[in-house]
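The block underneath contains the structure these notes are about, expressed in structure tokens.
Bear in mind these aren't lab numbers, they're just calculated from the coordinates by the rules spelled out. No experiment lies behind these values; they were computed from the predicted model shown. Because the Cβ atoms are built from the backbone with ideal geometry, glycine has one as well, and the counts that use them run over all protein chains shown.
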Amino acid sequence: MSSIYPVDVIKSKIQTDSLDPAKRQYKGMIDCVRKTWSREGWRGFTGGLGPTLIRYVLFTPLECWKNGLMVDHHSLMELHS
């Protein structure tokens, strides 16, 4: 997950850039990477990673548990139909 995060940051920056071509900050992905690196350094690619990892660690087990309950419930319903 953390190795993909910088790519996701760049994708998000490009997606949230202006729709008006005259107001866009970035010409494309490479331009966005260059400008992010020159303005913010490595931190520009990893800002927000900590909360994302904490959320992942906390909620992924809950999601797996919930999905397991749903599968069990669905299987039980099929047995009784």
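So if we plug the beta-carbon distance of R39 and K66 into 1/(1 + (r/R0)^6) with R0 = 25 Å, what FRET efficiency do we get, rounded to 0.05? Don't skip to the answer; put the middle values down first.
On the way: r = 40 Å, r/R0 = 1.62.
Rounded to the nearest 0.05, the efficiency is 0.05.
Dividing the alpha-carbon Rg of region 1-47 by 2.2 N^0.38 Å yields what?
Here the answer is 1.12, to two decimals.
Find out how many positive minus negative residues lie around V9, taking Lys and Arg as positive, Asp and Glu as negative, among other residues whose Cβ is under 11 Å from that of V9.
Values: positive: K11, K13, R43; negative: D8, E40.
Combined, the nearby Lys, Arg, Asp and Glu give +1.
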